[in-house]
Amino acid sequence: MTNIKNSEYDFANIEKKWQDFWVDNKIFKTEDFSDKPKFYALDMFPYPSGSGLHVGHPEGYTATDILCRYKRMQGFNVLHPMGWDAFGLPAEQYAVETGTHPSITTNKNIDTFREQIKALGFSYDWDREINTTDKNYYKWTQFIFLKLYERGLAYIDEVPVNWCPALGTVLANEEVIDGLSERGGHSVERRPMKQWMLKITEYAEQLLEDLDDLDWPEGVKEMQRNWVGKSTGAEVTFKVADFAENYDITVYTTRPDTLFGATYMVLAPEHNLVKYITTAEQTVAVDKYVKDASLKSDLARTELATEKTGVFTGAYAVNPLTGENIPIWIADYVLASYGTGAIMAVPAHDTRDFEFAETFNIPVKCILQPDAKELKSSKVAVEDVLAGKVCWAGGGVAINSANEELDLNGLSVDEAKAATIKYLEDKNIGKGAVNYKLRDWLFSRQRYWGEPFPIIHMEDGSIKTVPVEELPLVLPEMEEFKPSGTGESPLANATEWLNYVDPETGMKGRRETNTMPQWAGSCWYYLRYIDATNDIEPFSAEKENYWMPVDLYVGGAEHAVLHLLYSRFWHKVLFDCGLVSTKEPFQKLVNQGMILGLSYKNSRGVIIPTDQVEHKNDGHFDKETGEQLEEFPAKMSKSLRNVVNPDDVISQYGADSMRLYEMFMGPLEATKPWNTSGVEGVYRFLKKAWRLVTGHELVDREMTKDELRVLHATIKKVTNDLEDLGFNTAISQLMIFVNEFSKGKDLPLQAAKDFVQMLAVFAPHAGEELWQYVNGNPNEDMPVENTVAYVAWPQFNEEYLQVSEVEILIQVLGKPKARVMMSVNATPKEMEEIALNLPEIKELIQGKTVRKVICVPKSLVNIVAT
RNA sequence: GCCAGGAUGGCGGAAUUGGCAGACGCAACGGACUUAAAAUCCGUCGGCCGCAAGGCUGUGAGGGUUCAAGUCCCUCUCCUGGUACCA
């Protein structure tokens with residue numbers, strides 16, 4: 001038996017020992033099914049980068065791990081898995097440079113990550129580890145793609161991509177900086193290429209609606225709502241004047257109520273009617289504008305957003321309400337891809353239209369009497385609005401808005417909208433309409449290191465899918481990973497793999513050379529964990545039914561929109577296929593905050609790299625100049641040299657201190673700066689806790705009232721805080737417990753057991769070691785059942801928290817004046833009497849009239865005396 | 001610009017439904033132990049006034065509601081994240 005009585009806290013040996021114990025005995029292997037209630041806690045799986053783990057990763061992982069350990073003790077069957085989102089650009093770029101196959105780089109990085117993660121003592125079920133680049137995994141990613149294809153949700157379209165002629169390759173948006181390639185700074189142009197698209201827009205409404213029932217941060221839900229961008233309004237059809245042909249133009253507007261104020265119309269330069277309606281005199285100018293616009297990237301178009309540009313087409317449309325001819329312009333502030341690619345412009349009540357009208361001297365016609373209240377806070381003069389000198393985009397009442405058949409005057413914006421839509425529908429020249437900002441998802445990349453599409457383009461132009469039985473379609477081995485030079489992925493050079501002959505008909509075909517984007521693998525990984533080794537289906541329906549949905553999903557806020565929207569979309573498709581049983585995958589979502597590094601700047605605001613800073617008692621100084629520096633938190637980055645490496649923290653203080661500090665820093669969701677001396681604080685706490693348990697005589701005795709109160713207050717606070725993910729305050733309470741019990745001569749056995757068990761969810765290595773000690777278990781050849789991992793969580797008893805007397809604060813006019821012990825059962829009347837009879841209070845209110853006395857039981861008495 | 005979140009000691013942060021601001025920790029200072037250091041332990045620690053008892057003041061700024069405001073309402077400033085001509 002290892003005797004740790006009166007020993008020193010030796011984290012290095014303890015941590016190694018228990019990590020081995022957990023792994024060797026598969027302590028955290030999850031039952032596929034159980035009578036126990038289930039709890040599925042999911043961490044966003046990492047991209048295993050070459051630089052290894054940083055302190056931000058373990059933050060979320062520690063939080064879920066603590067919760068999982070707690071839930072196991074609460075009797076839950078817990079699923080807590082880990083895996084690797086391992087496709088991605090860096091491994092391919094490295095392959096281009098060095099010829100090393102991306103799978104080699106990837107596996108090496110995964111090994112590093114796994115080792116680093118294991119060193120933190122997380123209770124993952126490693127038998128469920130997944131890797132998106134494993135063919136047994138991406139086989140099912142391809143399978144799901146085929147499901148999408150079968151349902152008509154995947155299609156090919158010509159879409160402009162970032163083509164870099166100098167590099168002979170297509171670049172991802174993040175590889176293009178200010179219109180130049182990130183590597184080499186070559187120019188990048190937009191070039192249409194055939195791409196796979198996924199019809200996420202078909203699910204726009206559901207993606208929006210189902211957000212309401214999710215327990216997600218309000219901010220994330222709002223971001224998703226904005227991304228989907230639903231708007232309601234109307235489509236209105238305008239006749240083009242002076243043409244024999246029917247060149248009707250339909251516009252989309254959210255403000256049909258302002259149709260009387262439409263003084264011109266704008267088409268996107270790409271609008272297909274532009275070439276038909278442009279008059280001869282305007283052709284040269286229009287052609288030039290259209291050409292220039294097509295060369296501008298989206299980036300350039302938005303960067304030049306300050307100045308409005310456009311060209312008159314020479315044609316006129318007829319405002320259906322006023323009968324007036326209004327000029328038709330083209331301008332790139334109207335996007336071809338949104339709505340109908342054409343707008344009616346109401347400069348008086350739309351800021352963009354107003355700017356344009358001012359630039360080109362187009363009349364502004366005010367048709368809204370601004371709302372008086374809004375007008376007041378906006379600081380614009382009502383005369384200017386009415387005169388069309390200022391744009392009014394706020395609310396109000398319609399004016400100047402009547403023709404022989406329709407009179408909107410006096411109506412509010414909402415009433416006028418409804419009336420206009422009804423009129424348009426009756427006349428058959430428009431209708432109510434809904435639009436979404438959400439676009440279909442560009443789902444192909446011109447890369448090697450991604451999932452190949454199970455698609456063959458046949459000679460006759462048809463598309464053949466690879467039969468499910470033949471999946472996975474494996475990436476071919478290649479020597480070279482250089483771009484093909486044509487814009488196609490390097491797979492275009494894999495001749496043998498590329499060419500296909502139909503075994504039945506003999507028809508030739510060519511495999512799809514695009515690969516799927518990195519998002520693909522992460523869209524459904526949470527389902528694979530449920531049944532990670534199934535090789536006949538992606539996951540069994542029975543297991544899915546038991547485990548889904550994910551009860552808690554923790555990860556970085558950077559995935560607030562795309563990853564979460566994409567996987568919700570796939571999940572809904574799988575739901576419609578009958579493959580999953582829930583509409584939404586992630587019931588509760590929490591974003592862990594970013595961890596910042598401590599940085600230093602001098603009085604001129606110049607940031608000094610952290611390793612050039614000398615720390616003294618009276619401040620921080622530049623090692624070179626001796627100048628005093630100001631400390632401030634900044635994003636960890638190599639250039640500031642403020643990156644904290646978890647390995648260093650673990651080797652110096654141990655994994656338990658690392659875990660504890662990550663949780664003690666502050667609320668999980670908050671952005672907070674890493675401060676190494678804070679780690680020392682929790683390390684001291686662990687040493688103190690160790691001394692409390694091993695250095696005091698453990699006595700199996702009745703506890704005193706005070707001891708019971710502290711113990712049960714601790715159990716209560718820790719339990720409640722864990723339920724709300726309040727890890728920092730739970731740890732504070734454990735510190736209070738240690739401070740209080742350290743004052744005693746001995747340690748009551750029950751208090752020791754309960755405390756050690758609570759500690760064990762936060763600091764599991766020290767927790768296990770101390771658990772064996774307080775239970776008198778022999779520590780060598782330990783039976784598996786002796787682990788603390790599944791011991792029932794301690795219960796608190798409210799009875800022990802009760803006190804008979806409490807200190808009541810006596811205030812006069814809200815200021816604290818006296819404190820008095822009273823029975824907890826004192827009635828307000830009794831409290832008032834006691835308070836008013838206190839000598840010091842009597843003195844204070846002498847000569848004054850007591851107007852009112854407020855008594856809050858168990859808390860305070862406030863005497864209002866003047 | 002718009003949307004979301006935030007601002008509390010020297011620092012990280014605590015504070016049920018409005019009810020004693022600053023729990024817990026860090027740093028700092030004073031002391032004990034030590035030949036010395038580390039480790040550990042004890043004490044002080046928002047600001048101002050005061051020998052003290054005590055008083056005044058204090059949660060980004062200004063106003064309001066209330067017996068009582070970090071917490072609720074209005075206006076403003078600054079920070080962080082998201083988004084960008086979406087008609």
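The numbers here are math on the coordinates, done by the rules we state, and not lab data. Given the structure is predicted, the values throughout are model-derived calculations rather than measurements. Here the Cβ positions follow ideal geometry from the backbone for every residue, glycine too, while neighbour counts run over all protein chains shown.
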I need the shape label for region A:569-725. Rule: rounded when a/c is under 1.5, else prolate if a/b > b/c, else oblate, with a, b, c from the alpha carbon gyration tensor. oblate
List the residues of region A:764-807 whose backbone N lies under 20 Å from a point placed 7 Å from the Cα of residue A:3 along the Cα-to-Cβ direction. A:769-782
Which of A:603, A:675, A:574 sits closest to the plus end of the dipole of chain A, meaning its Cα is farthest towards the positive end, when Lys and Arg get +1 and Asp and Glu get -1 on the C-beta? A:603
Among A:341, A:219, A:27, whose Cα lies farthest out toward the positive end of the dipole of chain A, if unit charges sit on the beta carbon of Lys, Arg (+1) and Asp, Glu (-1)? A:219
Report the equivalent ellipsoid semi-axes for region A:689-751 in whole Å, largest first, defined as the square roots of five times the eigenvalues of the gyration tensor built from alpha carbon atoms. 22, 13, 9
Using only helices, what value at 222 nm comes out for chain A when you add -39,500 (n - 2.57) per DSSP H run of length 4 or more and divide by the total residues, to the nearest 500 deg cm²/dmol? -10500 deg cm²/dmol
Name the residues whose placed amide hydrogens come within less than 5 Å of the amide hydrogen of residue A:368, ignoring near sequence neighbours (fewer than 5 apart) on the same chain. A:399
Dimensions (Å) - chain A, Cα atoms, principal axes, largest first: 103, 93, 66
Going through region A:659-705, which GluC sites (Glu not before Pro) have at most 16 other Cβ atoms within 10 Å and a DSSP loop state? A:669, A:702
Run the dipole for chain A about the Cα centre, Lys and Arg Cβ at +1, Asp and Glu Cβ at -1, nothing else charged, and hand back the magnitude in debye, nearest 20. 1860
Percent of beta bridges antiparallel (DSSP, chain A, rounded to nearest 5): 75
Given the options A:756, A:96, A:835, identify the residue whose Cα lies farthest towards the positive end of the charge dipole of chain A (+1 on Cβ of Lys, Arg; -1 on Cβ of Asp, Glu). A:835
Suppose every Lys and Arg Cβ carries +1 and every Asp and Glu Cβ carries -1, with no other charges. What dipole size does region A:596-640 come out with about its Cα centre, to the nearest 20 debye? 240
Quick query: amide H of residue A:390 versus all other amide H atoms, modeled in the peptide plane; which residues come in under 5 Å with a sequence gap of 5 or more or a different chain? A:385
So, for the Cα atoms of region A:803-865, Rg and Dmax in Å stand at 10.7, 37
What number, in percent, do you get for the relative contact order of chain A if the mean sequence gap of Cα pairs under 8 Å and at least 6 apart is divided by its residue count? 14
Cα centroid separation - region A:818-866 against region A:234-286, whole Å: 78
If you keep only loop residues by DSSP, which trypsin sites (Lys or Arg not before Pro) in region A:633-676 have at most 14 other Cβ atoms within 10 Å of their Cβ? A:638
Inter-part distance where region A:365-413 and region A:133-207 are each reduced to a Cα centre, Å: 46
